[in-house]
């Protein structure tokens, strides 16, 4: 594990409880949960019971919502604290899932194992996303689909027009709610880390599309803004400057 990956792991160990509260809100909002489920299953291979790898499972959102639909999800996360919360949440939900503490740069699964590889708000945190995408393709079965949900969370630090919009919105959010846009436990540590991450200054999903095509996927597709499908009104108010996107690829 690289020194940067050590820092990433350490940071998210400390953010687990805050992220657990966010995921709890997603589960409680049926419209939000249904939006995520629909996006996954609409792009899934035609199988009654899918074997799905959820990379960066966090507190277990996808294992719960997709497990309830009869699919089997294997959730991995770099951090022990996230997996601990996922185990608790999945047990409470009464679904079946496999959970592992694992680095997505070096997956401990054989080739061609999964029908789908999915991730939500994970790729921006990666030390080496090119290596990770190669690994995800390796464990996908032929005809399998990879789905990445993310946003250009820190592109505003490298784009002057976005910076103006972001800082104006953050000022308004602070005045209205008494909080920052991102309610991290350690915002200073997170800001420092964001400046070191490979994808922070990349225009996405353009970067992802180009790299996935280089990897030889048979089909690559994207939607630059799926905000209305998966965010509630409060999330849109917080994050409209950095809309959620989806990028997918079929092996």
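Every read-out reported here was derived from the displayed coordinates using simple, explicitly stated rules and does not represent laboratory data. Computed from a prediction, not measured in an experiment: that's the story for all the values here. Cβ atoms come from the backbone with ideal geometry, glycine included; neighbour counts cover every protein chain shown.
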Legend entry - Most mobile of 139, 164, 148 in a GNM of the chain (Cα contacts under 10 Å): 164
Inset, instruction - Would you work out the relative contact order for region 169-251, in percent, from Cα pairs under 8 angstrom that are 6 or more residues apart? - result: 30 percent
Inset, instruction - Give me D for region 165-251 in µm² s⁻¹, whole number, from Stokes-Einstein with Rh from the Kirkwood sum over alpha-carbon pairs, 10 °C and 1.306 mPa s. - result: 105 µm²/s
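Nearest 500 deg cm²/dmol is fine: what mean residue ellipticity at 222 nm does the chain get from its DSSP H runs of n ≥ 4 alone, each adding -39,500 (n - 2.57), divided by its residue count? Display every interim value, and only then the final one.
Values: 11 runs with 116 residues, N = 251.
Calculated from helices alone, the mean residue ellipticity at 222 nm is -14000 deg cm²/dmol.
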Inset, instruction - Could you check the simple spin-label distance between residue 164 and residue 49, using points 7 Å along Cα→Cβ, in nm with one decimal? - result: 5.7 nm
Inset, instruction - Normalising by the residue count of the chain, find the relative contact order in percent from Cα pairs under 8 Å and 6+ residues apart. - result: 19 percent
Inset, instruction - Calculate the spin-label point distance for residue 183 paired with residue 130, positioning each point 7 Å from the Cα along the beta-carbon direction, and give it in nanometres. - result: 3.9 nm
Inset, instruction - Report the normalised scattering of region 72-196 as log10 I(q)/I(0) at q = 0.09 Å⁻¹, calculated by the Debye formula with identical scatterers on the alpha carbons. - result: -0.37
Inset, instruction - Determine Rg/Rh for region 93-161; Rg is computed over alpha-carbon atoms and Rh is the Kirkwood hydrodynamic estimate from the same atoms. - result: 1.05
Legend entry - Largest-first principal axis extents, alpha carbons of the chain, Å: 48, 42, 36
Legend entry - Degrees separating the helix 80-93 axis from the principal Cα axis of the chain, which is the longest one: 70 degrees
Legend entry - Per principal axis, descending, Cα span of region 42-82 in whole Å: 33, 16, 14
Inset, instruction - Take the chain, connect every pair of alpha-carbon atoms lying under 10 Å apart with a spring to form a Gaussian network, then pick out the residue of 231, 153, 207 with the largest mean-square fluctuation. - result: 207
Inset, instruction - Work out, step by step, the length gained on full extension between residue 219 and residue 111: first 0.36 nm times the residue separation, then minus their alpha carbon distance; give nm to one decimal. - result: 36.9 nm
Inset, instruction - Compute the normalised compactness of region 36-132: alpha-carbon radius of gyration over 2.2 N^0.38 Å, N being the residue count. - result: 1.02
Inset, instruction - Among DSSP beta bridges whose residues both lie in the chain, state the antiparallel percentage, nearest 5. - result: 35 percent
Legend entry - Separation of the residue 157 and residue 17 label points, Cα + 7 Å toward Cβ, nm: 2.6 nm
Legend entry - the chain: most fluctuating residue of 63, 110, 224 per GNM, C-alpha cutoff 10 Å: 110
